[in-house]
Amino acid sequence: MLKAEQGAGVAVTRILINKSFFKAFFKLLTTVKPSLNISRTLLLAAVTCLSLNVQAGTLPVDTVDAVFHQYDGGGMKINGPFVLVRKSIGTQFSLNGHYYVDSVSAASIDVLATASEYTEERTEYSAGVDYLHEKTIISAGYTNSEENDFVANSVFFSVSQDFFGDLSKINFGYARGWDEVGKIESDFSKDVDRQIFKLGFSQVLTKNSLMGVDIETITDEGYLNNPYRQYRFVDAVLPKGYDYAFEVYPETRTTTAIALRALYYLPYRASIKGEYRFFTGSWGIKAHTYDLLYVHPIGSHWTLEGRYRYYSQTQADFYKDIFTHEGAEDHMARDKELSTFSDYTLGFGVSYEFGQGVMPHVNRLKISALFDYMKFEYDNFRDVSQEDFAAGTEPLYEFDAWVTRLSVTLEY
């Protein structure tokens, strides 16, 4: 039973950490000024990682993880390093911290429609601690993220408890974030408060299978839109037949998501993991995510993995590709990530693990390369870069992208 629990637990841990980190990374890509959407996702990722990244009754292994990530698609290129360090202090405490940089070069359809290409850099730091007491792990930490017009600070806390012979685990996470939204070459400054509540349960079903369920609720209050983003409205006087004005969002938002996941440990050391996630919120968006991952070891050193993910959502209540006139409604948005759209991801990864002795004081060394191909199709967001079309009849927008992650993991 221990073998199944450890094997399944390690695989689930790696999947969840990768998902959380790169989910947050992907959200960076979806707005003219990406950071305005990423903060709530990073806050969630912090809770997810801290509440689910441990095996039964043990602290995380002492590690150094270094990742270089790059996204290229939809007119945007984002790359930079991510470094995570964990170190145990005695048998009850483990400290952790990470450093994360995004260098952004943006010429997306949103940027080109109302502005010009820009470059910027975002840096993020975090520090955290895990405390082990018998079968309970308490985690807490702080994260700071800054760029030239946006500052995000957050604290997070989680508790994880094993019971029923370490076959069951329940965890609770809470995070609080304070963002300051600015605007380049302006005294514009707005605040955003964010809270995340997360409850999770996992259960070892058999010696080869594990299941889990997570429920998370996020509340946002304050300036929730992007100060650079604009909606378009009909204006027959202009040559293109439309003009732009700045978006107006509600000042509150509440979302809830439920995720069901299962992992099966195959007889030949491989594993397969499936997940379904349903999302709904006060802005009217409903979303479904289906995710399937297969991990296959080859010999004692190589591991291959393949992944397929499909996502679809409905539009926000106040979204339109084009409005009838300026100020037509109380709230107006043309953010394509609030439209009706779907995307799928095909992923492939390979890793090689060295045994003890390859480096002094290093118990394990692993090198990995992961590649994702992503395809996005929008049902009611039109490509305004296409000319010779009447306003509101342009072709629907779609694009593809590649995400590359090269990583080195040291256990010491």
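The values are calculated or read from the model by the stated rules, or taken from the named source; none is laboratory data. All figures in this text were calculated on a predicted structure; none of them were measured in a lab. Every residue, glycine among them, receives a Cβ derived from its backbone with ideal geometry; neighbour counts consider all protein chains shown.
Across segment 42-81, the number of residues qualifying as of a type in the set (A, V, I, L, M) and modelled with pLDDT of 55 or more comes to 7. On inspection, residue 162 does not qualify as under 26 Å from residue 125 (Cα atoms), in contact with a Gly (Cβ under 8 Å, 6 or more places away or on another chain) and among the charged types (D, E, K, R). Among the residues in segment 257-272, are any over 30 Å from residue 138 (Cβ atoms), surrounded by 16 or more Cβ atoms within 10 Å (Cβ to Cβ) and touching a Pro at 6+ places or on another chain (Cβ under 7 Å)? Yes, segment 257-272 contains a residue that is over 30 Å from residue 138 (Cβ atoms), surrounded by 16 or more Cβ atoms within 10 Å (Cβ to Cβ) and touching a Pro at 6+ places or on another chain (Cβ under 7 Å). Scanning segment 184-222 for residues that are of a type in the set (Gly, Ala, Ser) and more than 20 Å from residue 155 (Cα to Cα) yields 186, 189, 202, 209, 212. For residue 179, the criteria (1) surrounded by 15 or more Cβ atoms within 10 Å (Cβ to Cβ); (2) under 30 Å from residue 204 (Cα atoms) hold in every case but one, which is (2).
None of 380, 363 is surrounded by 14 or more Cβ atoms within 10 Å (Cβ to Cβ), polar (S, T, N, Q) and modelled with pLDDT under 95 except 363. Quick check: is even one residue across segment 110-123 under 30 Å from residue 262 (Cβ atoms), of a type outside the set (Phe, Trp, Tyr) and at pLDDT 95 or above? The answer is no, given that none of the residues of segment 110-123 is under 30 Å from residue 262 (Cβ atoms), of a type outside the set (Phe, Trp, Tyr) and at pLDDT 95 or above.
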